[in-house]
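Structure, as structure tokens:
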Amino acid sequence: MKQLFSRFTSFLRNWLAGPLTNCLYRLWCLTLRITEEGRERVDALEAQGRLMVFCLWHDELFPLMHVRRSLRIVTVVSRYRDAEYLARLLQSMGLITARGSSSRGGAAALRSALHIMRDKNYNGCITVDGPRGPRHVVKPGAILLAAQTGASIVPVRLFMKRAKVFSSWDRFQLPLPFSRVRIVFAPPYTPQKTLHKDVVREECLRLEAVLDSIAPPDKIEDRAERAGGRQAEGAKGSAAPAAGFQAAASEAGAADTKAVPAAMGAAGGSAADADKNGLAAKRGDSPFFFRRFKAACYKLLALALGACSRTWLYRLADLSAFFFWHCVAKRRKESIGAIAKHLRLPPDRARLLARRSFRENMRSFLEMFHAGRFSTFRDVRVFYSPETVRLLQEETAPIVIATAHLGSWELMPGLSTDLVPEREGMVVVRRQKDPELNRLIASMRGARGMRVIDHRQASAVVLPGLRAGGVAAFLVDHNSNRKEAVFLPFLEDTAAVNVGPAILALRAKATVFPVFLIRDDKPAMEPAAEGAVMSARGSHILYILPPLRTAELRGSIEERTRAVAVFYTQAVERMVRAHPEQWLWMHQRWKTRERGSARQ
């Protein structure tokens, strides 16, 4: 009986602790009123493809992972038994953990984190005084990691208005529900690239000084007021900033005065900045609660839909499509008209096909909530064709995947994780207008390890990733404006085709693979083609069409760009004609017209 109870508790600890704790953690953080200062510095480095090592104190760890968004992070977690639940929580949130600490397995953990950062382009995150202290004393792990990877160090402080402080060695802080949390990202800096112990010790003192010099927001305002008072009493003009800085530096007690200006810049610095931040916080109080409430509703919806089976998900999609079909008359008419015109179908058949399209596309949208559970080798029945699958897996050049709003496009980001797991995967998407919804969708699309990139940052982020041998996926059937498009024949009409994927593919000398994931609920009656991968449980068919190697193209840049755009546009047209019910006909694909051309 004791052995059975031990197995049962082991099962709960190993399989339920991570997801359950993750759910409770997210719900807890949704009640917090979190504001970020200096986050734009982190986003700028991320857009440039620069590696970072986030450094913070052990007692301020709790709220940080909630605001990581699309950052790919590997974190070092100790091998002590009480850190097991933290490791499972971080893993359930999509982070990679390297187990070890300064006193147990530290070298192995740093080597593991080093390889992950170099090979997979992950950022690091280390509590620099963990796992056993002394409290607020920097240890060399983060310095060594940054020096060997060439990463920038990002000091981070978290200030909690109301928190439960535990009596542990680090005086761990647990923010109480509905309390304010301010996260300050200090200006990143690059440490000296040497492993000499004296230099490492100096860098530890430098980082410790920067972290200590970042004062809580209320102290920053008091400091600014005192500096302003001294300015009114004493010297004017250029002497005033110097006086304010001297006061700030003396009160911060920083050991390295060179680090103080950077830390003051991150924390607020001047009285004008402090006043502006205060006004922004006051003005944002009311909308902030609404945004938090809306984000909590989105999270609860995602948890509910992610927990249900695919059968019930499709039933909910069919019910939603029924109401959408009858309530949105404009989209219904546009879909019927587009199908009748571009497929040359009579109105009655176009209406039936449009209704099926509504149902299939609602399924496509809700499948996003199952993106983390989708597996190519379990849920895909047939690979068409096995020759092109082999070409994709054996390709040595960078890979650009061209797909469309056809079939299960929301499940596409996880395909490269399964087919070419050794390559970094990127998916370029368009940002949603609602920031909370955009954040949620990005987290689900990146659930399988894909890097979700806003289309406005594609040139700065995707090109370095492709040149490093990565895989980038694009939806190439968007309507585009004239500046970003060439006009090409598409489904009996002329459409504005985005040339962004073509230009990136040419600059990286990538191979373009048209890839489409089609839903097929019918059981497999016929045998698969020779060499094809079969699964009796599969509900999708993966089509990988013959590729185009851009390095072999000749001609001017305009001619090659047009050739690549024609290539993936014709591939999309072939697949839409083969599976018209699964394409997004309600999208205004032919909205942009050539100059001088009448809109039809």
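Might you let me know whether region 77-98 holds any residue that is closer than 29 Å to LYS299 by Cβ, modelled with pLDDT of 85 or more and not aromatic (Phe, Trp, Tyr)?
The answer is no, given that none of the residues of region 77-98 is closer than 29 Å to LYS299 by Cβ, modelled with pLDDT of 85 or more and not aromatic (Phe, Trp, Tyr).
Taking into account only those residues within region 451-461 that are part of a helix (DSSP H, G or I) and not small (Gly, Ala, Ser), which is most open to solvent (accessible area, probe 1.4 Å)?
Residues of region 451-461 part of a helix (DSSP H, G or I): 455-461.
Still in the running and not small (Gly, Ala, Ser): 455-457, 461.
Details: HIS455: 75, ARG456: 157, GLN457: 75, VAL461: 10 Å².
Filtering first and then ranking leaves ARG456.
Residues checked against (1) polar (S, T, N, Q); (2) modelled with pLDDT of 85 or more:
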| position | (1), (2) |
| --- | --- |
| ALA532 | no, no |
| LEU542 | no, yes |
| ALA565 | no, yes |
| THR569 | yes, yes |
| GLN582 | yes, yes |
| MET586 | no, yes |
| THR592 | yes, yes |
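Which count do you get for residues in region 184-207 that are out of contact with any Asp or Glu (no Cβ under 6 Å at 6 or more places or on another chain) and within 27 Å of PHE159 (Cβ to Cβ)?
10
Being farther than 30 Å from ALA296 by Cα and open to solvent by 20 Å² or more (accessible area, probe 1.4 Å) narrows it down to one of PRO464, PRO501, so name that one.
When all the criteria are applied, what remains is PRO464.
Tell me, please, whether a residue that is of a type in the set (Lys, Arg) and modelled with pLDDT under 90 can be found in region 513-524.
Scanning region 513-524, I find at least one residue that is of a type in the set (Lys, Arg) and modelled with pLDDT under 90, so the answer is yes.
List the residue pairs whose Cβ atoms are under 6 Å apart, where the first residue sits in region 388-401 and is more than 20 Å from GLY465 (Cα to Cα), the second is at pLDDT below 90, and the two are 6 or more positions apart or on different chains.
So the pair list comes out as VAL389/PHE383.
Please indicate, with yes or no, whether at least one residue in region 124-136 is assigned to a helix (DSSP H, G or I), closer than 27 Å to GLY446 by Cα and in contact with a strand residue (DSSP E or B) (Cβ under 9 Å, 6 or more places away or on another chain).
Looking for residues that are assigned to a helix (DSSP H, G or I), closer than 27 Å to GLY446 by Cα and in contact with a strand residue (DSSP E or B) (Cβ under 9 Å, 6 or more places away or on another chain), one finds none in region 124-136, hence no.
Only one residue in GLU46, GLU60 is farther than 30 Å from VAL462 by Cβ, buried (at least 19 other Cβ atoms within 10 Å of the Cβ) and either touching a strand residue (DSSP E or B) at 6+ places or on another chain (Cβ under 8 Å) or at pLDDT below 90 (or both). Which one?
GLU60
Listed residues SER357, SER335, SER320; which is more than 30 Å from ALA505 (Cα to Cα), touching a strand residue (DSSP E or B) at 6+ places or on another chain (Cβ under 7 Å) and not in a loop (DSSP other than H, G, I, E, B)? I'd like the intermediate steps shown before the answer.
Numbers: SER335 fails: touching a strand residue (DSSP E or B) at 6+ places or on another chain (Cβ under 7 Å); SER320 fails: touching a strand residue (DSSP E or B) at 6+ places or on another chain (Cβ under 7 Å).
None of the others qualify; the one that does is SER357.
Applying the selection to region 155-190, what residues are in a loop (DSSP other than H, G, I, E, B) and farther than 21 Å from ILE143 by Cβ?
Our first condition is that a residue be in a loop (DSSP other than H, G, I, E, B); within region 155-190, this holds for 161-162, 166-172, 176-179, 186-188, 190.
Correct list: LYS161, ARG162, PHE166, SER167, SER168, TRP169, ARG171, PHE172, LEU176, PRO177, PHE178, SER179.
Pick out the one residue from SER335, SER364, SER320 that is open to solvent by less than 20 Å² (accessible area, probe 1.4 Å), under 30 Å from ALA442 (Cβ atoms) and more than 22 Å from the chain's Cα centre (by Cα).
SER335
Could you list, in sequence order, the residues of region 338-354 that are in a helix (DSSP H, G or I), free of Cβ contacts under 8 Å to residues at least 24 places away in the same chain and open to solvent by 40 Å² or more (accessible area, probe 1.4 Å)?
Within region 338-354, PRO347, ASP348, ARG349, ARG351, LEU352 meet the criteria.
Got a number for residues in region 425-448 being open to solvent by 30 Å² or more (accessible area, probe 1.4 Å) and outside any helix (DSSP H, G or I)?
Looking only at that region, the number is 7.
Given the criterion assigned to a loop (DSSP other than H, G, I, E, B), open to solvent by 60 Å² or more (accessible area, probe 1.4 Å), among the charged types (D, E, K, R) and in contact (Cβ under 8 Å) with a residue 40 or more places away in the chain, identify the matching residue among LYS139, LYS193.
Working: LYS139 fails: open to solvent by 60 Å² or more (accessible area, probe 1.4 Å).
Residue meeting the stated conditions: LYS193.
Name the residues in region 119-136 that are of a type in the set (Gly, Ala, Ser) and surrounded by fewer than 23 Cβ atoms within 10 Å (Cβ to Cβ), would you?
If the condition is that a residue be of a type in the set (Gly, Ala, Ser) and surrounded by fewer than 23 Cβ atoms within 10 Å (Cβ to Cβ), then GLY133 is the only one that fits.
Taking region 468-492 as the region of interest, how many residues are surrounded by 15 or more Cβ atoms within 10 Å (Cβ to Cβ) and either in a strand (DSSP E or B) or out of contact with any strand residue (DSSP E or B) (no Cβ under 8 Å at 6 or more places or on another chain) (or both)? Full working, then the answer.
Residues of region 468-492 that are surrounded by 15 or more Cβ atoms within 10 Å (Cβ to Cβ), as a first pass: 469-480, 484-488, 490-491.
Now narrow it down to the ones that are either in a strand (DSSP E or B) or out of contact with any strand residue (DSSP E or B) (no Cβ under 8 Å at 6 or more places or on another chain) (or both): 469, 471-475, 485-488, 491.
Qualifying residue count, region 468-492: 11.
In this structure, is SER309 touching a residue at least 24 places away in the same chain (Cβ under 8 Å), closer than 26 Å to HIS540 by Cβ and more than 24 Å from the chain's Cα centre (by Cα)?
Criteria not met by SER309.
Restricting to region 200-231, what's the tally of residues that are open to solvent by less than 30 Å² (accessible area, probe 1.4 Å) and either outside any helix (DSSP H, G or I) or at pLDDT 75 or above (or both)?
So the answer is 10.
Go through region 160-187 and report how many residues are at negative phi and either in contact with a helix residue (DSSP H, G or I) (Cβ under 6 Å, 6 or more places away or on another chain) or open to solvent by less than 30 Å² (accessible area, probe 1.4 Å) (or both).
13
Identify all residues within region 367-384 that are of a type in the set (Phe, Trp, Tyr) and within 21 Å of the chain's Cα centre (by Cα); write none if there are none.
PHE369, PHE374
Considering only residues of region 367-396 that are open to solvent by less than 20 Å² (accessible area, probe 1.4 Å) and outside any helix (DSSP H, G or I), which is farthest from ALA508 (Cα to Cα)?
Across region 367-396, the extreme among qualifying residues is ARG381.
The values are calculated or read from the model by the stated rules, or taken from the named source; none is laboratory data. Bear in mind that the values here come from a model prediction, so they are computed numbers and not experimental data. Reconstructed Cβ throughout: ideal geometry from the backbone, glycine too, with neighbour counts over all protein chains shown. Just the protein is used for accessible areas: all its heavy atoms, side chains included, with ligands, DNA and RNA removed. Shrake-Rupley method; radii C 1.70, N 1.55, O 1.52, S 1.80 Å.
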